[in-house]
Structure formats: C-alpha cells, structure tokens
1. Do any residues in segment 71-82 that are at negative phi have Cβ atoms under 7 Å from those of residues that are acidic (Asp, Glu), where the two are at least six apart or on different chains, and which pairs are they?
2. Does Ala199 qualify as being under 27 Å from Glu136 (Cβ atoms), touching a Ser or Thr at 6+ places or on another chain (Cβ under 6 Å) and aliphatic (A, V, I, L, M)?
3. Test Ala117 against the stated conditions and say whether it is under 21 Å from Pro158 (Cα atoms), in contact with a helix residue (DSSP H, G or I) (Cβ under 6 Å, 6 or more places away or on another chain), part of a helix (DSSP H, G or I) and in contact (Cβ under 8 Å) with a residue 12 or more places away in the chain.
4. List pairs: first residue in segment 89-102 and more than 23 Å from Gly173 (Cα to Cα), second residue among the hydroxyl-bearing types (Ser, Thr, Tyr) anywhere in the structure, Cβ distance under 6 angstrom, at least six positions apart or on different chains.
5. Between a first residue in segment 221-233 that is free of Cβ contacts under 8 Å to residues at least 40 places away in the same chain and within 11 Å of Val188 (Cβ to Cβ) and a second residue that is in a strand (DSSP E or B) and of a type in the set (S, T, N, Q), which pairs have beta carbons less than 9 Å apart while being 6 or more apart in sequence or on different chains?
6. Report, ordered by the first and then the second residue, all pairs with beta carbons closer than 7 Å, sequence separation of six or more or different chains, a first member in segment 148-173 that is at positive phi and surrounded by 15 or more Cβ atoms within 10 Å (Cβ to Cβ), and a second member that is of a type outside the set (A, V, I, L, M) and not in a loop (DSSP other than H, G, I, E, B).
7. Please find, within segment 127-174, the residue that is modelled with the lowest pLDDT out of those that are in a loop (DSSP other than H, G, I, E, B) and among the hydrophobic types (A, V, I, L, M, F, W, C).
8. Provide a single number: the residues in segment 127-146 that are touching a residue at least 60 places away in the same chain (Cβ under 8 Å) and of a type in the set (Ser, Thr, Tyr).
Amino acid sequence: MRHWCWRTLLVVSVIGSGFVDESALPARASVPPETLPASVVPAPRRARPRTPLALDTAEPAASLAGQRVVARLSDIRHRLVSTRYQHRTRVRESRGEYAWDCSGMVSWILAREARVALRGLASPRPVARSYVQAIERAPTTRARRGFRRLAHVAEGRPGDVFAWRRPLDWGPGATGHVGFLLSRPVPVPEWPDAYVFRAADATSFGHQDDTRPDGSGGGYGEGTLLVTTDGEGNATGYGWYGRYSDWVVTTPVVFGRLE
C-alpha cells in the first residue's frame with residue numbers, strides 16, 4: 001500500500017502529538033487537514049500512552065495453515081538481508097532478498113503455505129481487494145475456499161489475515177491493504193473500542209514500533225497497527241501508526257483465518 005501527498009499525512013501525522021522527530025518526516029506531511037477526504041477523520045482526544053501494551057507474538061496460531069504462515073514469516077525474518085516495496089514480486093530466498101507489495105507478499109506466502117486459500121481467490125494476481133472479498137464471503141462457522149471470517153476482531157491470532165479496501169473518495173490507486181497478524185488484537189485503554197496488534201506486511205512506510213528504518217524505501221516489515229470498531233467487534237477503520245495515530249481512515253477491516 002503506497003501513500004503520497006495527503007496520504008503521507010495518514011502515516012506520519014503524529015507530528016501534532018510530538019511523538020516523533022518532525023525533521024525525519026517527509027515534507028508533504030504538512031498538508032493541511034482540510035485537503036483530506038471525508039473518509040479520513042481525526043482520532044479522538046486521548047491521554048498520551050504511558051504504558052506499553054503486551055502484544056504476545058509467541059502465542060500459537062489457531063489453525064494448521066496459520067502455523068505454517070507464522071513459520072514462514074519467521075523464516076523470512078531470519079533470512080532477511082534486503083527488502084523493497086515494489087509491485088513486481090521478486091524473491092531470492094538464498095540471498096535474503098524480498099521485493100514485493102502487500103498483496104504480492106501475502107500471495108507468495110500462501111502459494112507455499114496455504115494453497116487452498118490462494119486458489120480460492122481465483123485470480124492470477126490477487127490484490128488487496130481480492131482478499132477483502134474472499135473474507136467477506138466466508139462464513140464465521142466454517143471455512144469457504146480456504147478462509148473463515150472472524151466475527152470479532154479480538155478472535156484474531158498470529159497467522160490470520162487482515163485486509164481492507166481503499167476508500168472510494170481516495171480516487172484511483174492501490175485497491176487497499178493486506179497482511180498477516182503476528183499477535184492477538186488487544187484493547188487500547190485510552191481509546192474506546194480500538195484494538196492494536198502486531199502485523200507483518202509490505203508497505204512504503206512503517207507503522208508504530210516498526211522494523212523498517214525511516215527512509216528505507218519500505219518492503220517487508222513488522223509493526224503495530226490500530227483498528228477502530230463499532231463496539232461489537234466489527235472493525236470500522238484503521239490507524240496506520242497504532243496508538244500514536246492522529247488520523248483514522250474509515251473503511252471496513254476484515255479478518256480471516258486460513259483453514
């Protein structure tokens with residue numbers, strides 16, 4: 001998922017909170033809020049986070065396919081020498097080189113660890129929207145074409161898939177974003193009905209507590225994402241920079257379990 005112009009603000013808009021070094025941020029992060037589309041809303045006023053949340057990345061996956069995905073992510077983490085965000089997937093495992101975008105990364109992993117789910121997408125090159133549609137169509141009581149939809153965000157476990165569509169008022173561009181959970185989502189004390197979780201994905205910009213260095217050009221990495229909910233466990237939007245997000249993008253976020 002790539003963010004430019006006002007989209008960059010969504011990723012690095014923590015300037016206003018004083019949580020990061022402004023000098024390290026792209027110049028375009030200063031785009032004024034009035035230029036943002038209606039789907040982008042200010043985060044609620046809240047106390048500055050003081051206590052880190054325990055996000056357990058050692059918790060086991062809830063399915064065999066999820067276990068294989070977690071093992072593959074661990075293998076990538078240990079092999080990784082270089083990575084880059086690009087739309088053409090290029091992987092050289094023996095050299096530790098991983099170049100891809102979010103859907104390219106997920107599809108590459110599913111091709112090796114959850115082929116039923118990948119075949120169920122019925123696309124030679126699935127994009128983020130493909131994953132959203134597959135999870136939306138899946139029931140919560142059983143798997144359909146390799147996915148079982150999770151009825152509540154708190155049901156998420158390592159190895160599960162998250163995905164969202166690009167809001168319509170963003171105009172043309174990438175279809176959304178997709179990645180894997182590395183931890184169970186946990187409630188945010190200072191933000192009612194919000195949850196955070198560790199995620200593995202491929203993107204141009206990192207999240208909260210991200211493994212991708214600033215200005216690295218992105219690629220594979222792990223960071224903390226936030227999702228807002230309707231109070232009943234349905235995710236209604238995301239905060240790119242986790243608990244430090246000053247803006248929330250309103251778009252349904254779906255969670256699916258690989259079966």
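1. Arg72/Glu113; Arg79/Glu93; Val81/Glu97; Ser82/Glu97
2. Details: under 27 Å from Glu136 (Cβ atoms): yes; touching a Ser or Thr at 6+ places or on another chain (Cβ under 6 Å): no; aliphatic (A, V, I, L, M): yes.
It is false that Ala199 is under 27 Å from Glu136 (Cβ atoms), touching a Ser or Thr at 6+ places or on another chain (Cβ under 6 Å) and aliphatic (A, V, I, L, M).
3. On the way: under 21 Å from Pro158 (Cα atoms): yes; in contact with a helix residue (DSSP H, G or I) (Cβ under 6 Å, 6 or more places away or on another chain): yes; part of a helix (DSSP H, G or I): yes; in contact (Cβ under 8 Å) with a residue 12 or more places away in the chain: yes.
It is true that Ala117 is under 21 Å from Pro158 (Cα atoms), in contact with a helix residue (DSSP H, G or I) (Cβ under 6 Å, 6 or more places away or on another chain), part of a helix (DSSP H, G or I) and in contact (Cβ under 8 Å) with a residue 12 or more places away in the chain.
4. Note: pairs meeting the criteria are Val91/Tyr98; Glu97/Ser82.
5. Every condition considered, the pairs that remain are Leu226/Gln208; Thr228/Thr236; Thr228/Thr250.
6. Here the result reads Gly159/Gly66; Gly159/Gln67; Gly159/Phe180, each pair linking segment 148-173 to a residue that is of a type outside the set (A, V, I, L, M) and not in a loop (DSSP other than H, G, I, E, B).
7. Quick first cut of segment 127-174, residues in a loop (DSSP other than H, G, I, E, B) only: 127, 138-143, 145-146, 150-152, 156-160, 166-167, 171-174.
Within this subset, residues satisfying the condition of being among the hydrophobic types (A, V, I, L, M, F, W, C) are 127, 138, 143, 150-151, 174.
Values: Val127: 97, Ala138: 98, Ala143: 97, Leu150: 99, Ala151: 98, Ala174: 77.
Selected residue: Ala174.
8. Residues meeting the conditions: 1.
The values are calculated or read from the model by the stated rules, or taken from the named source; none is laboratory data. These figures come from a predicted structure and were not determined experimentally. Glycine also receives a Cβ, built like all others from the backbone with ideal geometry; neighbour counts cover every protein chain displayed.
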